[in-house]
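All of the numbers you see were taken from the coordinates with simple rules; none came from a lab. In this text, all values refer to a predicted model and were calculated from it rather than measured experimentally. Because the Cβ atoms are built from the backbone with ideal geometry, glycine has one as well, and the counts that use them run over all protein chains shown.
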Amino acid sequence: MNGLPQSEVTSEMILAAVLKSLDDNKAEDVVQIDLRGKTSVCDQMVICSGRSSRQVVAIAEKLVEDLKHQLGVLSKSEGQDTGDWVLIDTGDVIVHVFRPEVREFYQLEKMWLPMGKTAQTAN
């Protein structure tokens with residue numbers, strides 16, 4: 001395993017690696033939400049879409065692999081069996097990869113953003 005000692009990995013480094021992996025793997029509509037000071041769950045949330053269940057699973061698997069090899073970050077993930085919504089928990093950054101219809105149904109961006117605010121698009 002490559003990567004940095006776990007004590008040297010910051011949430012900013014994880015976020016940068018997440019955004020790069022998502023971009024490299026053609027994730028769509030990538031949105032980043034800064035949650036520092038708003039919840040103890042995580043510092044950042046990233047929400048994105050894949051065009052199909054197959055792409056959703058592939059994006060998520062590649063992200064977990066990239067974080068492990070680049071930073072030594074071991075992530076937990078759920079939802080690969082259906083590919084509708086995969087959640088990747090890195091500790092400091094939580095990533096949601098959706099099929100577009102499922103993303104529209106749950107509208108996580110609206111839940112975490114204050115009224116009238118729009119999410120910061122990562123692309």
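Of all lysines in the structure, the ones whose alpha carbon falls short of 22 Å from that of K110, not counting any fewer than 8 places away in one chain, are K38.
Per residue of the chain, the DSSP helices (runs of n ≥ 4 H) give a summed -39500 (n - 2.57) that works out to -11000 deg cm²/dmol at 222 nm. A value for Rg and Dmax of the Cα atoms in Å was derived from the coordinates, and within the list (i) 15.2, 53; (ii) 13.6, 44; (iii) 15.3, 48 it appears as (ii). Distance between the 7 Å Cα→Cβ label points at S53 and K68: 2.4 nm.
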